[in-house]
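Asks: Sharing a structure here in structure tokens format.
The values are calculated or read from the model by the stated rules, or taken from the named source; none is laboratory data. Everything numeric here is computed off the predicted structure, so don't read it as measured data. In this analysis, Cβ positions are derived from the backbone assuming ideal geometry, glycine residues included, and neighbour counts consider all displayed protein chains.
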Amino acid sequence: MSEKKKFNIEYEIKSSPRILYSFLIEPNGLAQWFADDVNVREQVYTFTWDDEEQKAKLLGIKENKSVRFRWLDDDPQCFFEMEILQDELTNDVALGITDFATEENIADRKLIWDNQIEYLISVLGA
């Protein structure tokens, strides 16, 4: 198995950090753009896509700032994080994604994030 590498991407989002944050942490917010269904129990999120489940542990949150998860079936060193970035001068909001993938899968993983974030932007009406 190839070693996974960390990568970062950033998306401009026209939303307030508070509203955007609810779509990153709340199960029904996540279910509107990230997965078909989301359930939480004791900080373990169960994401469902096409009747397939994948579980992720919530590693950390910073209210209205960021959420970090680790897939339970993945390398313990790997995580994915969604961070709300706000420019102090313009107040523009962006969503920064940190994720891990093998070198040959980084382009595909970025494409998945592009599609998910495009869907998030449409749900937000941004």
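So that you can scan it fast, the table gives a plain yes or no per residue for (1) farther than 29 Å from residue 2 by Cα; (2) modelled with pLDDT of 95 or more; (3) loosely packed, with under 11 Cβ neighbours inside 10 Å:
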site: 30; (1), (2), (3): yes, yes, no
site: 72; (1), (2), (3): no, yes, no
site: 99; (1), (2), (3): no, yes, no
site: 104; (1), (2), (3): no, yes, yes
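Asks: Scan the stretch 7-21 for residues that are under 14 Å from residue 61 (Cα atoms) and surrounded by 16 or more Cβ atoms within 10 Å (Cβ to Cβ) and jot them down. First the steps, then the outcome.
Replies: Step one: filter the stretch 7-21 for residues under 14 Å from residue 61 (Cα atoms), giving 17-18, 20-21.
Residues satisfying the conditions are 17, 20, 21.
Asks: Looking at the stretch 22-42 only, could you name the residues that are touching a strand residue (DSSP E or B) at 6+ places or on another chain (Cβ under 6 Å) and not acidic (Asp, Glu)? So that I can check it myself, show each step before the final result.
Replies: Initial filter on the stretch 22-42 (touching a strand residue (DSSP E or B) at 6+ places or on another chain (Cβ under 6 Å)): 24-25, 27, 30-31, 35-39.
Across the stretch 22-42, the qualifying residues are 24, 25, 27, 30, 31, 35, 38, 39.
Asks: So, one more: Identify all residues within the stretch 2-49 that are among the polar types (S, T, N, Q) and not in a helix (DSSP H, G or I); write none if there are none.
Replies: The answer is 2, 8, 15, 16, 32, 39, 43, 46, 48.
Asks: Restricting to the stretch 41-64, name every residue that is closer than 25 Å to residue 93 by Cβ and surrounded by 14 or more Cβ atoms within 10 Å (Cβ to Cβ).
Replies: 45, 47, 56, 58, 61, 64
Asks: Before we move on, is residue 35 surrounded by 12 or more Cβ atoms within 10 Å (Cβ to Cβ) and among the small types (Gly, Ala, Ser)?
Replies: yes
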